[in-house]
Amino acid sequence: MLGFRARLAYAVRLHRSYSHGGTESLKKTALYEFHRSEGGRMVEFAGWSMPVQYKDSHISSHLHTRQHCSLFDVSHMLQSKVTGKDCVKFIESLIVGDVAELKDNQGTLSLFTNDKGGIMDDLIVTRTSAGYLYIVSNAGCADKDSAHMKEQLAEFKAAGNDANLEFLEAGLMALQGTSATRVLQEGVSDDLHKLPFMWSAVMTVFGIQGCRVTRCGYTGEDGFEISVPIQHTVELAEALLKNSEVKLAGLGARDSLRLEAGLCLYGNDIDETTTPVEASLLWTIGKRRRAAADFPGAAIVLRQIKEKTKRKRVGLMSSGPPVRQHTPILNLDGKVIGEVTSGCPSPCLKQNIAMGYVDTEYGKLGTPIKVEVRKKIVDAVVTKMPFVPTKYYTVK
């Protein structure tokens, strides 16, 4: 069981992992003043001023999400729209996913890759019934992603293709947790039991028209991301929080929840030096795309699939003090075989969890290894992810 000192050390480290400097130059979401009025502790994240936690502790927020539901402001993420008769062809020239096979209003997690097969960012692409693609990608990569898409679009259009790109000014909130469906159902006329994981629909939500509701999230729980007209963002947050099941949650809980669910954080667990194969994200590459070998970096990625890679992303559980990013991973002889990319004490399991990259020969589940924490060698074991079972909703 996690002791008080371990929990305290993690809370201090979490607090220090975000910048607490002046916020004058930071971008602010439409909920900025709302966060402050609700006791949000604001920190710098990806150039934005965002709440890391509220009056409740990080662990309390984490457990409330698992047991009830929480509301996260994710308006800092980049929302974009691709239109035109060649919109699918355009986005498939940048990512590994098979967007052409998606049905109307179905989405998929995919990856922007470069010519070396490195992951430029992860994103969700939804093929809407209105004929355009709705895309959500990471705040930390917003400048890079937007520049990349605009540059590639110019070349695409110069070759005679029809596609256009629009960046959306809209709020984005994530309602996540066991009771999320019951809470949201009170404010919509659509039957949410007919909306499976990774599907989307435009709805009127608590009287606010033009909201796009997508059944997805970053916690491993059932839940929704709601894109809302920016002028109604606070109104929607207030409407959702009227239900006693719902509490606000910040970046701290979001990070530990996603790690329990075995989900990657861009910049920590994946970046341009990692490929989909190394990152154990091979499932994001559509079968048709593999056969056509027509995504960026395909030659390198397909060769890795055939020949295997030198390293792979794995889950770890360890004893002793919590591990953190950049912690060395060792074999039983003390040789460095990899490095931790994310780690924290699991509030649900009351054990230390982490993910990282190890030499492939040590990637088998159950392999005993070591981690070096504060110059002490600690026992660990390669563990299946997700650490906590996910609860994504599928229509039966």
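What is the extension gain from Y392 to E307, computed as 0.36 nm multiplied by their sequence separation minus the C-alpha to C-alpha distance, in nm to one decimal? Don't skip to the end; give the middle numbers.
Working: separation 85, 0.36 × 85 = 30.60 nm, distance 3.29 nm.
Residue separation times 0.36 nm, minus the Cα-Cα distance, leaves 27.3 nm.
Quote the Stokes-Einstein diffusion coefficient, in whole µm² s⁻¹, for region 23-179, based on the Kirkwood radius over alpha carbon pairs, a temperature of 4 °C and a viscosity of 1.567 mPa s. All intermediate terms of the calculation are to be shown ahead of the outcome.
Working: Rh = 17.3 Å.
Approximately 75 µm²/s, per Stokes-Einstein.
Mind giving me the FRET efficiency for A147 and S25? R0 is 25 Å, r the Cβ-Cβ distance, nearest 0.05 is fine.
Details: r = 20 Å, r/R0 = 0.82.
Using R0 = 25 Å, I get an efficiency of 0.75.
Calculated from DSSP H runs of 4 or more alone, at -39500 (n - 2.57) each and per residue, what is the 222 nm mean residue ellipticity of the chain, nearest 500? Please list the in-between numbers first.
Numbers: 10 runs with 93 residues, N = 396.
Result for the chain, helices only: -6500 deg cm²/dmol.
Which one is right for this structure if Cα extents along the principal axes in Å is calculated from it: [x] 58, 51, 48; [y] 104, 96, 44; [z] 103, 80, 34?
[x]
Leaving ligands and nucleic acids out of the surface, order D143, D98, D56 by accessible area at 1.4 Å, largest first. Write out the running numbers ahead of the final one.
Working: D143 120, D98 15, D56 60 Å².
My answer, sorted largest first, is D143, D56, D98.
Quick one: which of K287/K308; K306/K364; K27/K116 span more than 22 angstrom between C-alpha atoms?
K27/K116
Express the carbon and sulfur contribution to the solvent-accessible surface of region 276-328 as a percent, rounded to the nearest whole number, probe 1.4 angstrom. Walk me through the numbers before you get to the answer.
Details: 1560 of 2820 Å².
Taking all protein chains in place, region 276-328 shows 55 percent carbon and sulfur surface.
Can you give me the C-alpha center-to-center distance between region 36-83 and region 192-250, rounded to a whole angstrom?
Here the answer is 14 Å between Cα centres.
Under a straight-distance cross-link criterion of Cα-Cα below 17 Å, which aspartates and glutamates are reachable from K350, leaving out those fewer than 8 residues away in the same chain?
D255, E260, D379
Where only protein heavy atoms count, and the probe is 1.4 Å, what is the accessible area per residue for the chain in Å²? Don't skip to the answer; put the middle values down first.
Numbers: 17680 Å² over 396 residues.
Ligands and nucleic acids excluded, the result is 45 Å² per residue.
Given a 1.4 Å probe and the protein chains all in place, what does the accessible area of E307 round to, in Å² to the nearest 10?
Surface accessible to solvent at E307 totals approximately 130 Å².
Would you mind telling me which residue in G97, G210, G140 has the biggest mean-square fluctuation in a Gaussian network model of the chain, where springs connect alpha carbons within a distance under 10 angstrom?
Comparing G97, G210, G140 in a Gaussian network model of the chain, the most mobile one is G210.
Hey, with R₀ at 51 Å, roughly what FRET efficiency would R374 and N161 work out to, going by the Cβ-Cβ distance, to 0.05? Could you put the intermediate results ahead of the total?
Working: r = 55 Å, r/R0 = 1.08.
Calculated transfer efficiency: 0.40.
At 1.4 Å probe size, with no ligands or nucleic acids counted, give the accessible surface of E33 in Å², nearest ten.
120 Å²
Using alpha carbon centroids, what distance separates region 345-377 and region 116-190, in Å?
Spelled out, the Cα-based centre of one part sits 33 Å from the other.
Helix check for the chain. Which DSSP H runs span at least 15 Å along their own axis by Cα, with a mean Kyte-Doolittle hydropathy no less than -0.5? Kindly include the intermediate steps, with their values, before the conclusion.
Working: long enough: 4-16 (18 Å, -0.19); 142-158 (24 Å, -1.03).
Long hydrophobic helices here: 4-16.
Roughly how many debye, to the nearest 20, is the charge dipole of the chain about its Cα centre, given +1 on each Lys and Arg Cβ, -1 on each Asp and Glu Cβ, and no other charges? Mind dumping the intermediate values first?
On the way: 49 positive and 44 negative charges, 276 e Å.
For the chain, the charge dipole is close to 1320 debye.
Using the charge dipole of the chain (Lys, Arg: +1 at Cβ; Asp, Glu: -1 at Cβ; taken about the Cα centre), state which of V373, S110, T309 has its Cα farthest towards the positive end.
The one lying farthest along the dipole's positive direction is V373.
Taking the Cβ of V381 as the center, what net charge do the other residues with Cβ under 14 Å away carry, scoring Lys and Arg +1 and Asp and Glu -1?
Summing Lys/Arg as +1 and Asp/Glu as -1 gives +2.
Looking only at E24, E151, E225, which one moves most when the chain is put into a Gaussian network model with springs between Cα atoms under 10 Å?
Largest GNM mean-square fluctuation: E24.
Out of every Cα-Cα pair in region 114-229, what percent are more than 21 Å apart? List each step's numbers first, then the result.
Working: 3080 of 6670 pairs.
Roughly 46 percent, once rounded to a whole number.
Which of S179, S129, S200 ends up with the largest GNM mean-square fluctuation for the chain, with Cα atoms connected below 10 Å?
Taking springs between Cα atoms under 10 Å, the residue moving most is S129.
Over region 81-200, what percent of the accessible surface lies on carbon and sulfur atoms, probe 1.4 Å?
Working: 2300 of 4910 Å².
Answer for region 81-200 is 47 percent, counting heavy atoms of protein chains only.
From the cross-link list K89/K157; K89/K391; K310/K376; K194/K391, which pairs have alpha carbons spaced over 22 Å apart? Please report the intermediate quantities before stating the final value.
Working: K89/K157 11 Å; K89/K391 33 Å; K310/K376 27 Å; K194/K391 16 Å.
Pairs exceeding 22 Å: K89/K391; K310/K376.
The values are calculated or read from the model by the stated rules, or taken from the named source; none is laboratory data. Since we're looking at a predicted model, the values are computed, not measured. Virtual Cβ from ideal backbone geometry, glycine too; neighbours counted across all protein chains shown. Ligands, DNA and RNA are excluded from the accessible area calculation, which covers all protein heavy atoms including side chains. Shrake-Rupley method; radii C 1.70, N 1.55, O 1.52, S 1.80 Å.
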